[in-house]
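Student: The structure under discussion is supplied below as structure tokens; questions concerning it will follow.
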Amino acid sequence: MELGKRLIPAAILVGALWAMPTIAPARTAPATVEALWQSCRAIAKDPAASVKACTQFLDLPEGRREQFRTYAFSNRGNAYVSLQRYDEALADFVEALRLDARNETAYVGRGNVHFWRGENDLALQDFGQAIKLDPRDANPHHGRGNVYFNQGRYEEAIKSYSEAIRINPKFFNAYSGRSNVYAELKQTDRAISDLSQALKLNPTYVNALVNRGNNYVLAKRFDEAIADYDRALALQPDTVLAWSGRAGAYGLKKDYELAIADFTKALDLDPSYLNARYGRGQAYKELGKLDLAAADFRNILAQKSDFLNTRDLLAAVEKSGAVASVPPSGANVAPMAGALAAIKAQRRVALVIGNAAYPQAPLANPHNDAADVSARLSQLGFEVVTGYDLTLAGFSDTVERFVAKAQGADVAVFYYSGHAMQVDGENWLLPVDTRVRSLFDVQQFNVSLQRLLQTVDTQAKTTLVFLDGCRNNPFADALKAQLKARNRAYAETRGLARITVDSPDTLVVFATQPNDVAADGTGRNSPFTRAFLDNVGAPGVEVETLMKRVTAEVKEATGDKQRPERLSGLTTEFYFVPPN
């Protein structure tokens, strides 16, 4: 299964530290000058704002002083590099060096521009000059390593990255760059080790998560790879390589339906990404969906006639029974065609959250639950926002993105798998950085279900909420102990509290009845999620009837210990898969 593109090492050296002159008493208002100067330097925070601030600073009397002007051009050049506006960046670095031929930062910046433009010899000249001016700066060594890697000069690349790390042991980009060389040399363990160190230094480094996932796949450590892709997508949901990489891992685990869903998401983001289309075609082939496989292979060959072994794969599926690009008509096809037409006529959005990595009380299945539900809903025409192991801040950001998508949608689904609790009759969803040492903590460091529902159910015509968050957890016990120690009253309850559904066309489903707990499950999914997945794709089954089937399956799977409950304000019928 195709693993996707290899990420090249990051070479945008924004935010590099260098000696800056102190601004002398200003003729312009000092606060204005200082604010512009700080914004001009804050490249990593907002490169576009940095460009604007540097430009404004250069127009001030203070910006016309040579000692400040050279650094302002260097800063703006680095901001342009970050924005991939290389011609403007090059002009700024050239001007900075005209003003001060010993401006080491400008040599590094211009070297990066040459690198991105494929001008390797010019890049090496600039990085070499920067090293002569300041041998203690790790940046030009890192830049030279990038050039050597692109040239296939792997031993020299390793030496350059290693020197950058020796100078600055916290330079996570250098670890990431060296890992690319090790991966190219098929030294997978070393690549994983360097990427792990980069992530220790910068846990939100998405490129390193994707690359480590790719290396885990090469090492056949598929679950660890999927966990890294999950983290990358939680941080940056539009990362095509993470969707494609996770799809490849699912494919190698023979989870072809999940692979197809992820490849499809990658193609939604980048329809020209042939690796994802190739992988999806292979997954369709493995499932015996030969017409769909053939369609993907034909699409690839229309764009690139010699892409890998696509021509041979197409010949094989056609020989096995795939027909021309238009599916045959007939009774067996019409129902699906009718359902697809009805689905496409609706705008469907979904928010799916799987929180598992609680330091005090980790859960086994929410990652699987969220991934599987997201994949299934994607297959059913939903535009899905998925979040894994969300902190309180991450919860807020993810809900905000979803609400923006849900405006005016025909149907919005919210599916939560993770810890939740009730306190004094109010329900709370718990982020992975939850705090519940006091009632104040509960209100400040957790997510109110009631307020969340008020936010979500005003955005779409129909709102469906599924809460697999009634698991028994130690947080309620900890709160009870804290309050008891302070002689505070606390109503001892389990699970989640019953709520009222006041909004029309809203359905709320709990994984179990109020004041009871649901099982996390011993298989891949919780009992509730498993039953939901088993039934949600049934054609022509209205959602309330579908949930009756889910309830029956959960009761049977748990020996009648767990009984889902639904609260409905629906006034219209909804079908995940409409009748023909």
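Student: Per Stokes-Einstein, at 37 °C and 0.692 mPa s, what whole-number D in µm² s⁻¹ belongs to region 193-234, with the Kirkwood radius over Cα pairs as the hydrodynamic radius? Write out the running numbers ahead of the final one.
Tutor: Numbers: Rh = 9.8 Å.
This corresponds to a translational diffusion coefficient of 335 µm²/s.
Student: Right, something else. Ordering Asp268, Asp410 by accessible area with a probe of 1.4 Å, largest first, what comes out?
Tutor: Values: Asp268 110, Asp410 45 Å².
Correct descending sequence by accessible area is Asp268, Asp410.
Student: What relative contact order, as a whole-number percentage, does region 198-259 give when Cα pairs under 8 Å and 6 or more residues apart are counted? Walk me through the intermediate numbers first.
Tutor: Values: 68 pairs, mean separation 17.1, N = 62.
Contact order relative to length: 28 percent.
Student: So how far apart, in nm, are the two label points at Ser448 and Thr545 if each is 7 Å from Cα heading toward Cβ?
Tutor: 3.9
Student: Considering only protein heavy atoms, what per residue accessible area in square angstrom results for region 70-216 with a 1.4 angstrom probe?
Tutor: Values: 5980 Å² over 147 residues.
Per residue, region 70-216 has 41 Å² of solvent-accessible surface.
Student: Next question, about the same structure. Rounded, prolate or oblate: which fits region 228-310, taking a ≥ b ≥ c as square roots of the Cα gyration tensor eigenvalues, rounded meaning a/c under 1.5, else prolate when a/b beats b/c? Can you show the working numbers first?
Tutor: Values: a/c = 2.31, a/b = 1.42, b/c = 1.63.
Cα axes put region 228-310 in the oblate bin.
Student: Amide H neighbours of Phe466 under 5 Å, counting only residues 5+ apart in sequence or on other chains, H built in-plane at 1.01 Å?
Tutor: Phe414, Tyr415, Tyr416, Val509
Student: Run the numbers for Arg563 and Glu34: contour at 0.36 nm per residue of separation, minus the present Cα-Cα distance, in nm. Mind dumping the intermediate values first?
Tutor: Numbers: separation 529, 0.36 × 529 = 190.44 nm, distance 6.28 nm.
Taking 0.36 nm per residue and subtracting the Cα distance, the gain is 184.2 nm.
Student: Cβ under 12 Å from Leu133's Cβ, Leu133 left aside: what net charge do those residues give with Lys, Arg +1 and Asp, Glu -1? It would help to have the intermediate numbers written out before the result.
Tutor: Details: positive: Arg102, Lys132, Arg136; negative: Asp100, Glu104, Asp126, Asp134, Asp137.
Residues close to Leu133 contribute a combined charge of -2.
Student: Next question, about the same structure. If you plug each phi of region 256-266 into the Karplus form 6.51 cos²θ - 1.76 cosθ + 1.60 with θ = phi - 60°, what whole-Hz ³J(HN,Hα) values come out, in order, with x for Gly and Pro?
Tutor: Karplus values, whole Hz, x for Gly and Pro: 5, 5, 5, 4, 4, 4, 6, 4, 5, 5, 4.
Student: May I pose another question? Can you compute 3J(HN,Hα) from phi for each residue in region 82-94, using the Karplus curve 6.51 cos²θ - 1.76 cosθ + 1.60 with θ = phi - 60°, rounded to whole Hz and x for Gly and Pro?
Tutor: 4, 8, 6, 9, 6, 5, 5, 4, 4, 4, 5, 5, 4
Student: Please list 3J(HN,Hα) in residue order for region 383-390, calculated via the Karplus relation 6.51 cos²θ - 1.76 cosθ + 1.60 where θ = phi - 60°; whole Hz, with x for glycine and proline.
Tutor: Computed from phi, the couplings for region 383-390 are 8, 10, 9, 10, x, 10, 6, 7 Hz.
Student: Give the carbon-plus-sulfur fraction of the accessible surface of region 31-177 in %, rounded to a whole number; probe 1.4 Å, heavy atoms of protein chains only. Spell out each step's value before the answer.
Tutor: Values: 3040 of 6470 Å².
For region 31-177, the apolar C and S fraction of the accessible surface comes to 47 percent.
Student: Using +1 on the beta carbon of Lys and Arg, -1 on that of Asp and Glu, and nothing else charged, what's the dipole of region 222-308 about the Cα centre, debye to 20? Don't skip to the answer; put the middle values down first.
Tutor: Details: 11 positive and 14 negative charges, 58 e Å.
It comes to approximately 280 debye.
Student: Moving to a separate point now. Mind giving me the FRET efficiency for Ala342 and Ala44? R0 is 51 Å, r the Cβ-Cβ distance, nearest 0.05 is fine. Before the final figure, lay out each step's value.
Tutor: Numbers: r = 47 Å, r/R0 = 0.92.
That pair, Ala342 with Ala44, gives E of 0.60.
Student: Using mean Cβ contacts within 10 Å as the protection proxy, how do 71-80, 151-160 order, highest first? Don't skip to the answer; put the middle values down first.
Tutor: Details: 71-80: 28.3, 151-160: 16.7.
Listed from highest to lowest mean packing, they are 71-80, 151-160.
Student: While we're looking at this one, here's another question. DSSP loop GluC sites (Glu not before Pro) in region 529-580 with at most 13 other Cβ atoms within 10 Å of their Cβ, which ones? Walk me through the intermediate numbers first.
Tutor: Numbers: sites: Glu542, Glu544, Glu553, Glu556, Glu565, Glu573; in loops: Glu573.
Counting only loop positions with at most 13 other Cβ atoms within 10 Å, the GluC sites (Glu not before Pro) in region 529-580 are Glu573.
Student: Order the following by accessible area, largest value first: Glu104, Glu318. Probe radius 1.4 Å; ligands, DNA and RNA are ignored.
Tutor: On the way: Glu104 25, Glu318 80 Å².
Ranked list, largest accessible area first: Glu318, Glu104.
Student: Based on the Cβ-Cβ distance of Asp306 and Asp424, what FRET efficiency does E = 1/(1 + (r/R0)^6) give at R0 = 60 Å, to the nearest 0.05?
Tutor: Values: r = 67 Å, r/R0 = 1.11.
E(calc), rounded to 0.05, equals 0.35.
Student: So if the hydrodynamic radius of region 62-121 is defined as the Kirkwood radius over C-alpha pairs, what does Stokes-Einstein give as its diffusion coefficient at 25 °C and 0.890 mPa s, in µm² per second?
Tutor: Details: Rh = 11.1 Å.
The calculation lands on 221 µm²/s.
Student: Once you have a ≥ b ≥ c as the square roots of the Cα gyration tensor eigenvalues for region 205-265, tell me rounded if a/c is under 1.5, and otherwise prolate or oblate according to whether a/b is larger than b/c. Walk me through the intermediate numbers first.
Tutor: On the way: a/c = 2.16, a/b = 1.14, b/c = 1.89.
In terms of gyration-tensor shape, oblate.
Student: Considering only the other residues whose Cβ falls under 14 Å of the Cβ of Ala89, what net charge follows from Lys and Arg at +1 and Asp and Glu at -1? Walk me through the numbers on the way to the answer.
Tutor: Working: positive: Arg76, Arg85, Arg110, Arg117; negative: Asp87, Glu88, Asp92, Glu95, Glu119, Asp126.
Neighbourhood net charge equals -2.
Student: Working with all protein chains in place, sort Lys289, Lys265 by solvent-accessible area computed with a 1.4 Å probe, largest first. Each step should come with its number before you reach the end.
Tutor: Details: Lys289 80, Lys265 45 Å².
The ranking, largest first, comes out as Lys289, Lys265.
Student: Another question about this same structure. Note down the net charge around Tyr575, summing +1 for each Lys or Arg and -1 for each Asp or Glu among other residues with Cβ under 13 Å from its Cβ. Numbers along the way, then the final one.
Tutor: Working: positive: Arg348; negative: Asp410, Glu542, Glu544, Glu573.
Neighbourhood net charge equals -3.
The values are calculated or read from the model by the stated rules, or taken from the named source; none is laboratory data. Nothing here was measured: the structure is a model prediction, and the numbers come from that model. Note that we place each Cβ from the backbone using ideal geometry, even for glycine, and neighbour counts take in every protein chain shown. These accessible areas exclude ligands, DNA and RNA; they are computed on the full protein's heavy atoms, side chains included. Shrake-Rupley method; radii C 1.70, N 1.55, O 1.52, S 1.80 Å.
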